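For reference, the structure discussed in these notes is given below.
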Amino acid sequence: MPLAGMLTRKGIGYAGKLKWTERLAKEAARCRYWKRYVEDEEWVIEGITLLYKATSWKKYRQVVMIRKAQVADDGQGRLIYDEDWQYEAIVTNLEWEPIDLWRFYNQRCCMENHIKEAKDGFSIDRIATGDFAANELDLLIKLLAYNLYERFKRDCCEPVHQGYTIARFRLEFFQCAATIVRHSRRLILKLACDFPYRHVWKRMEARLAAISG
């Protein structure tokens, strides 16, 4: 990992997810002293820090392993079987507790999901023109649309819909039959009678009107 070596020499901290391999699984199986960080009604999360050398590395590096499992209750006690554990490994030069490093890295994963949604749903990765200024404006408009959609979901949508991507939201709420009619100097959107989300739409519409009014 030449990048890891360069970052370490420059005093820059890093954390990178490792692909879970058979070699890592064997290393985890040899670990006996896992530290338990979470134990609640549903999950148990444990971690350990060790030195590990992948086949492509020239030296040993610090690797944090996290394992988590859902707890089974047989009526007499809480059980965890060996096959229930889910494992993750992160290579790092940070002297953090495994649980803190794992949570830090997962925050980054959430950001990657936001970037993926902006690309897939709002095409921020598509270059519109050959002009730099026009492309910058195009990107800013797309990012504005993305942020408005996220705020709209938080303020106006039902909890069950707040995790929808824009593609799913378009499919369920925008791709439906409707007509726009003019009545008493007002434009009115009339939804199809068999639109299954009519009442949900009306609640979102009312919340949006209350915010903008």
Problem set entry | Using alpha-carbon coordinates, inclination of helix 132-156 to the longest axis of the chain, degrees | 90
For this session: Once you have the Cα-Cα distance between ASN106 and ASP125, take 0.36 nm times their residue separation minus that, and quote the gain in nm to one decimal.
Result: 4.5 nm
Seminar exercise, completed: The residues MET6, MET65, sorted from fewest to most surrounding Cβ atoms within 10 Å, come out as MET6, MET65
Exercise. Any idea what the alpha-carbon Rg over 2.2 N^0.38 Å comes to for the range 114-156?
Worked result: 1.24
Exercise. Which one of SER123, SER56, SER184 has the biggest mean-square fluctuation once the chain is modelled by GNM with Cα springs under 10 Å?
Worked result: SER184
Exercise. Per-residue ellipticity at 222 nm for the chain, helices alone: DSSP H runs ≥ 4 residues times -39500 (n - 2.57), over residue total, nearest 500 deg cm²/dmol?
Worked result: -13000 deg cm²/dmol
For this session: Provide the three semi-axes, in whole Å and in decreasing order, of the ellipsoid equivalent to the range 165-212 as defined by the square roots of 5 times the Cα gyration tensor eigenvalues.
Result: 20, 15, 10
Problem set entry | Share of pairwise Cα separations in the range 2-111, more than 24 Å, in percent | 29
Exercise. What's the angle, to the nearest 10 degrees (0 to 90), between helix 98-122's Cα axis and the longest principal axis of the chain?
Worked result: 30
Problem set entry | Estimated dipole of the chain in Debye, rounded to 20 [Cβ of Lys and Arg +1, of Asp and Glu -1, Cα centre] | 720
Seminar exercise, completed: So for R0 = 41 Å, FRET eff. of ASN113-ARG186 from the Cβ-Cβ r, to 0.05, ends up at 0.55
Exercise. To the nearest 0.05, what FRET efficiency results for ILE12 and VAL71 with a Förster distance of 35 Å applied to their C-beta separation?
Worked result: 0.35
Exercise. So, how do all the Cα-to-Cα distances of the chain break down into 5 Å bins, in percent, from 0 on up?
Worked result: 1, 5, 10, 11, 11, 10, 11, 11, 10, 8, 6, 4, 2, 1, 0, 0
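Read the figures in this text as sums done on the coordinates, not as results from a lab. Remember, predicted model here, so these are calculated numbers, not experimental data. Positions of Cβ are generated from backbone atoms using ideal geometry, with glycine treated the same way; all protein chains shown enter the neighbour counts.
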